[in-house]
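First comes the structure, then the notes that go with it.
Laboratory data are not the source of any read-out in this text; all were calculated from the coordinates shown. Model, not experiment: these values are computed from the prediction. Reconstructed Cβ throughout: ideal geometry from the backbone, glycine too, with neighbour counts over all protein chains shown.
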Amino acid sequence: MGNTKSIGIAYSDQDISGADTILSGGTLGYTTAAQGTVTQATSKSTAVTLNASAGRITMNNASLATATNVTFTLNNSLISANDTIILTLSSGQTTPGSYNCFANALGTGTVSITLRNISGGTLSEAIVVNFAIIHCA
């Protein structure tokens, strides 16, 4: 029963809730108000808290040996156990491709994020990790 509820100059499709497909010819994402930033205080394994649907985590510049993982916790009251977390390394690395980054555990209000040095040498960089939550039912 689409195109029945006027919202000014257009119509709101009431069938979008539970729809199989959402199409966009423009930008799909979070507004600036839904985003935030946080910096790790003391080490690459220090937990951070950022209650936003998207944001940037600046990691501590502590040393990370080659072929080594470090895991930290992102505490975020907006995360549910059904959500999906997207991670991207956005800056802070001298040589792109020096790290892998992935979410390895998800629960209500928390996600564990792992950074792995794959460069072939020890690195001490303040890597910036962008994250976005895909909120799921």
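Spin-label model, S45/A103: points 7 Å from Cα along the beta carbon direction are separated by 2.3 nm.
Placing pseudo-labels 7 Å out from each Cα toward the beta carbon at T71 and L23 gives an inter-label distance of 4.2 nm.
The per residue volume of the convex hull around the alpha-carbon atoms of the stretch 31-134 is 82 Å³.
Taking amide hydrogens as placed 1.01 Å from N in the peptide plane, the amide H of T68 sits under 5 Å from those of N117, each at least 5 positions away in sequence or on another chain. Counting charges near A126 (Lys, Arg +1; Asp, Glu -1) among other residues having Cβ under 12 Å from its Cβ returns a value of +1.
The modelled label-to-label distance between T37 and T122, using points 7 Å beyond Cα along the C-beta direction, is 3.0 nm. Here the Karplus relation 6.51 cos²θ - 1.76 cosθ + 1.60, evaluated at θ = phi - 60°, turns the backbone of the stretch 75-84 into coupling constants of 8, 8, 5, 8, 7, 10, 5, 9, 7, 10 Hz, with x for every Gly and Pro. Taking amide H positions as modeled 1.01 Å from N, with prolines and chain starts lacking one, the residues under 5 Å from Y99 and 5 or more places away or on another chain are I118.
Stokes-Einstein diffusion for the stretch 22-90, with the hydrodynamic radius set to the Kirkwood value over Cα pairs and evaluated at 4 °C in a medium of 1.567 mPa s, equals 92 µm²/s.
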